[in-house]
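Everything below concerns the one structure shown next.
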Amino acid sequence: MEGPLQTSIHVCRENGQWMSRLPEKLWDIPLYNLALPGSHDTMTYCLDETSAVSGNESKLVKFLNKCIPCIVHPIIMKWSTTQELTVTEQLEAGVRYLDFRIAHKANDPSMNLYFVHMVYTTVTVQDILWEVLRWLETHPQEVVILACRNFDGLTRKLHCLLIAYIKEIFQCKLCPRNVSMISLFFPKNDILR
């Protein structure tokens, strides 16, 4: 039996290519003038239930979680989870603005970067960037905005690593600083023209 979430995922798949289906009268409108659907705390569908509380949280939250974790941690998990769909499902549903809160786990000797919303995710930033790229490759006329922020626990070296990941993974799909978003969205030789 299909539940409401499965039904909505099925229905939303029709929105996976909405940008390529925009009417011609919108082609010359700059991307920043379009209302783009976005998701708040995009990666909270995969929060790690065994994760420590983020280093940026208040001392009180960390103290309570340490003293009575059986009560506080489930509350934190419930409050922190704002998404149920995976990043690919969100993109298929029409989301084009991804809110990535990036962090490095405290006391983690690795260079792995994660997402965070009070607790850390089970997936790494690098894995999700590859997932977004795979989606973009199958939807070449769609544009996705990655809003990377927070950067909890990132040193300068880790921040440079994040930039390197983004450049390595997306390469020519990145919008150069000197290109207007409208020419990126609908180039002159585009098949839609």
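The values are calculated or read from the model by the stated rules, or taken from the named source; none is laboratory data. Predicted model, so just to flag it, every value in this text is computed and none were measured. All Cβ positions, even for glycine, are placed from backbone atoms using ideal geometry, and neighbour counts span all protein chains on display. The accessibility values were calculated without ligands, DNA or RNA, using every heavy atom of the protein model including side chains. Shrake-Rupley method; radii C 1.70, N 1.55, O 1.52, S 1.80 Å.
Residues that are surrounded by 14 or more Cβ atoms within 10 Å (Cβ to Cβ) and assigned to a helix (DSSP H, G or I) were ranked within segment 9-23; the one that is modelled with the lowest pLDDT is Ile9.
Counting residues in segment 104-119 that are under 24 Å from Cys172 (Cβ atoms) and open to solvent by less than 50 Å² (accessible area, probe 1.4 Å) gives one or more.
Would it be correct to say that Pro74 is of a type outside the set (A, V, I, L, M) and more than 19 Å from Arg101 (Cβ to Cβ)?
On the way: of a type outside the set (A, V, I, L, M): yes; more than 19 Å from Arg101 (Cβ to Cβ): yes.
So Pro74 fits the description; yes.
Of all residues in segment 143-156, none that is without any contact (Cβ under 8 Å) to a residue 12 or more places away in the chain has its Cβ atom under 7 Å from the Cβ atom of a residue that is open to solvent by less than 60 Å² (accessible area, probe 1.4 Å) and of a type in the set (Ser, Thr, Tyr), 6 or more apart or on another chain. Scanning segment 24-81 for residues that are part of a helix (DSSP H, G or I), touching a residue at least 40 places away in the same chain (Cβ under 8 Å) and of a type in the set (A, V, I, L, M, F, W, C) gives Leu31, Met43, Cys46, Val61, Ile76, Met77. Of the residues that sit in segment 120-139 and are out of contact with any Lys or Arg (no Cβ under 6 Å at 6 or more places or on another chain) and not in a helix (DSSP H, G or I), which one is nearest to Ile169 (Cα to Cα)? Within segment 120-139, the match that is nearest to Ile169 (Cα to Cα) is Thr124. For Pro187, indicate whether it is under 24 Å from Trp135 (Cβ atoms), at pLDDT below 90 and exposed (fewer than 11 other Cβ atoms within 10 Å of the Cβ). Spelling it out, it is not the case that Pro187 is under 24 Å from Trp135 (Cβ atoms), at pLDDT below 90 and exposed (fewer than 11 other Cβ atoms within 10 Å of the Cβ).
Scanning segment 157-175 for residues that are in contact (Cβ under 8 Å) with a residue 40 or more places away in the chain and within 17 Å of the chain's Cα centre (by Cα) turns up Leu162, Tyr165, Ile169, Phe170, Lys173.
Within segment 48-94, the residues that satisfy the criterion of being closer than 25 Å to Glu131 by Cβ, open to solvent by 40 Å² or more (accessible area, probe 1.4 Å) and of a type in the set (Ser, Thr, Tyr) are Thr50, Thr81, Thr82, Thr86, Thr88.
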